[in-house]
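Notes follow the structure.
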Amino acid sequence: MSAATHGSHAEAPYQPVFVGASREKLEALFPKYPTKQAVLLPALWIVQEGRGWIPPEGIAEVAAVLGLTPAYVRGVATFYTMYHLHPVGRHFIQVCGTSPCHLCGSDDVLHAILKETGCGELGATSPDGRFTVTEVECLGACGFATPVIIDDDFHDSVTPERVPGILARYP
């Protein structure tokens, strides 16, 4: 996601995503999948890359392009934590909070991230629009507690002491 689109929350009329290069990208996926419905996850990702999140109009656009109902598309989008159905900060932070990570101090890491970012609480975006922080059920790295994903970057063995240095990499 580009910094120009990600985290932009201005209320402007919705402009379709699947035009020009984005439409070509979507069309190139169709031969790789057995049905149009099977392209749903990548189509949602294309909308999110273009907008920084997936607004209701984006759900409707994906549904129309793939011949699905908006309710079905929304049901799939709400199932996965990787899709944002509301505006988020320029950098999206996911902290593992499962039992193994909890036992290894994930709560302390989470509190350090909330404090350092200024988000204050889970799901909130920092006042400067830079960060949104969430807790997720599993990042699949129990041996490297506490794992944290920022945008597409994986950070393992995060401790509260490492948080300021890690966040400094994300202007």
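The values are calculated or read from the model by the stated rules, or taken from the named source; none is laboratory data. Please read these numbers as outputs of a predicted model, since none were measured by experiment. Don't worry about glycine lacking a Cβ; one is built from the backbone with ideal geometry, like all the others, and counts go over all protein chains shown.
Checked against the criterion of being part of a helix (DSSP H, G or I) and over 18 Å from the mean Cα position of the chain (by Cα), the candidates Val65, Val47 yield just one match: Val65. Taking the condition in contact (Cβ under 8 Å) with a residue 60 or more places away in the chain and out of contact with any Leu (no Cβ under 6 Å at 6 or more places or on another chain), does Gly140 pass? Spelling it out, it is not the case that Gly140 is in contact (Cβ under 8 Å) with a residue 60 or more places away in the chain and out of contact with any Leu (no Cβ under 6 Å at 6 or more places or on another chain). On the given criteria, is Thr81 outside the structural domain of Arg162 (by TED's automatic domain parsing) and either over 23 Å from Pro171 (Cβ atoms) or in a loop (DSSP other than H, G, I, E, B) (or both)? Judged against the criteria, Thr81 is a match.
Hey, among the residues in the stretch 110-142 that are of a type in the set (A, V, I, L, M, F, W, C) and farther than 16 Å from Asp156 by Cα, which one's surrounded by the most Cβ atoms within 10 Å (Cβ to Cβ)? If we take residues in the stretch 110-142 being of a type in the set (A, V, I, L, M, F, W, C) and farther than 16 Å from Asp156 by Cα, then Val133 is surrounded by the most Cβ atoms within 10 Å (Cβ to Cβ).
When Asp107 is tested against the conditions (1) more than 30 Å from Thr159 (Cα to Cα); (2) more than 15 Å from the chain's Cα centre (by Cα); (3) among the charged types (D, E, K, R), the lone failure is (1). Residues in the stretch 143-159 that are surrounded by 13 or more Cβ atoms within 10 Å (Cβ to Cβ) and assigned to a strand (DSSP E or B): 5 in all.
Exactly one residue out of Val39, Val95, Val88, Val73 is of a type in the set (A, V, I, L, M, F, W, C), closer than 30 Å to Gly20 by Cα and not in a helix (DSSP H, G or I), and it is Val88. Taking the condition modelled with pLDDT under 95 and of a type outside the set (Phe, Trp, Tyr), does His84 pass? Criteria met by His84. May I ask you to list the residues in the stretch 115-136 that are of a type outside the set (Gly, Ala, Ser) and touching a strand residue (DSSP E or B) at 6+ places or on another chain (Cβ under 8 Å)? Across the stretch 115-136, the qualifying residues are Thr117, Cys119, Leu122, Thr125, Arg130, Phe131, Thr132, Val133, Thr134, Glu135, Val136.
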